[in-house]
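Values quoted throughout were computed directly from the atomic coordinates according to the rules given, and no laboratory measurement underlies them. Treat the numbers as computed from the prediction; the structure is a model and nothing was measured. Here Cβ is always computed from backbone atoms with ideal geometry, including for glycine, and neighbour counts include all displayed protein chains.
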Amino acid sequence: MRFSDEGALVSIRDPFIEAAIQGLGQEADYTPSFVSENRETVVTPDSVCRDPQKIRDILTRHPLWDAYDSRCISCGRCTTGCPTCTCYSVFDVAYDENPQRGERRRQWASCMVPGFSDMAGGHGFREKPSERLRYRALHKVNDYKARNGIEHMCVGCGRCDDRCPQYIKFSLIINKMTAAVRQALAEEA
């Protein structure tokens with residue numbers, strides 16, 4: 001399907017649907033085009049270093065995250081569209097009619113919003129936006145794979161990029177992570 005000023009152009013391959021919409025528009029010569037190559041190339045840190053703990057050690061205190069304190073507004077929109085984000089909070093609800101009864105509910109949550117990592121006693125971790133973004137990025141492209149032995153969580157769909165009101169591109173963050181690991185390894189050699 002392609003939209004133009006004149007309307008929508010549709011390529012129909014099913015004779016049943018073609019018969020159903022017969023006479024609703026006019027025929028046009030149209031061949032759909034498909035994406036054959038990504039516009040951006042993303043290189044993950046594990047392509048330059050096979051040790052996930054070393055990647056984590058290099059990136060945990062790297063200054064690349066500092067720039068995101070002024071850019072990220074911690075809205076969590078990047079995680080709402082992510083097909084692999086599954087964070088949630090659990091809370092208990094007591095019923096007004098009978099306070100002795102209630103239920104435990106699981107509610108969607110986001111690691112990118114302030115307060116997500118708060119613990120009992122008022123202890124808060126990952127207070128700054130850069131710390132939350134670092135946690136999310138490392139989880140998506142390093143920690144999950146290291147823990148479970150399967151591929152990265154990030155599937156490269158770009159939904160986080162589309163939703164971010166500050167135009168933070170996750171693909172660019174991954175490439176910056178890789179460059180930082182590459183630089184640190186070169187300095188060690």
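Which whole-number percent gives the relative contact order of the chain, counting Cα pairs below 8 Å spaced six or more residues apart? Intermediate results must be reported in sequence, preceding the final value.
On the way: 203 pairs, mean separation 50.4, N = 189.
Reported relative contact order: 27 percent.
Against the 2.2 N^0.38 Å scaling, with N counting residues, where does segment 1-142 land? I'd like the Cα-based Rg ratio to two decimal places. Intermediate values should be presented prior to the final figure.
Values: Rg = 24.7 Å, N = 142, 2.2 N^0.38 = 14.5 Å.
For segment 1-142, the normalised Cα radius of gyration comes out at 1.71.
Arranged by the count of other C-beta atoms within 10 angstrom, fewest first, what order do V113, V35 take? Before the final figure, lay out the partial values.
On the way: V113 16, V35 6.
By the 10 Å Cβ count, ascending, the order reads V35, V113.
Would you mind checking which residues have amide H under 5 Å from D118's amide H? H placed 1.01 Å from N; only 5 or more apart, or other chain.
It is F125, by chain and number.
When Rg is the radius of gyration of the Cα atoms in segment 1-73 and Rh is its Kirkwood radius, what does Rg/Rh come to?
Working: Rg = 24.7 Å, Rh = 18.2 Å.
Reported Rg/Rh, Kirkwood definition of Rh: 1.36.
Short version: ³J(HN,Hα) in whole Hz for each residue of segment 141-147, in order, from phi by Karplus 6.51 cos²θ - 1.76 cosθ + 1.60 (θ = phi - 60°), x for Gly and Pro, what are they?
With coefficients 6.51, -1.76 and 1.60, one gets 10, 9, 5, 4, 5, 5, 6 Hz.
Please list, by residue number, everything in segment 29-50 whose backbone N is under 15 Å from a paramagnetic label point 7 Å out along Cα→Cβ of I12.
Within reach of a label on I12: 29-30.
For the chain, what is the calculated [θ] at 222 nm in deg cm²/dmol (nearest 500), taking -39500 (n - 2.57) for each run of four or more DSSP H residues and dividing by its residue count? Spell out each step's value before the answer.
Values: 8 runs with 62 residues, N = 189.
Dividing the helical sum by the residues of the chain leaves -8500 deg cm²/dmol.
Quick one: which residues, 5 or more positions from L9 or on another chain, have an amide H under 5 Å from its amide H? H modelled 1.01 Å from N in the peptide plane, none for Pro or chain starts.
R2, F3, S4
Once a ≥ b ≥ c are taken as the square roots of the eigenvalues of the Cα gyration tensor of segment 124-165, is the result rounded (a/c under 1.5), prolate (a/b larger than b/c) or oblate (a/b not larger than b/c)? Let's see the in-between values first.
Working: a/c = 4.00, a/b = 1.14, b/c = 3.49.
Here segment 124-165 falls in the oblate category.
Using a Debye calculation, one point per C-alpha and no hydration shell, please list log10 I(q)/I(0) for segment 100-189 at q = 0.22, 0.23 Å⁻¹ in order.
Debye output, listed in q order: -1.26, -1.30.
Given the peptides 90-99, 58-67, arrange them by the average over their residues of other C-beta atoms within 10 Å, most packed first. Numbers along the way, then the final one.
Values: 90-99: 8.5, 58-67: 14.8.
Ranking the peptides 90-99, 58-67 by packing returns 58-67, 90-99.
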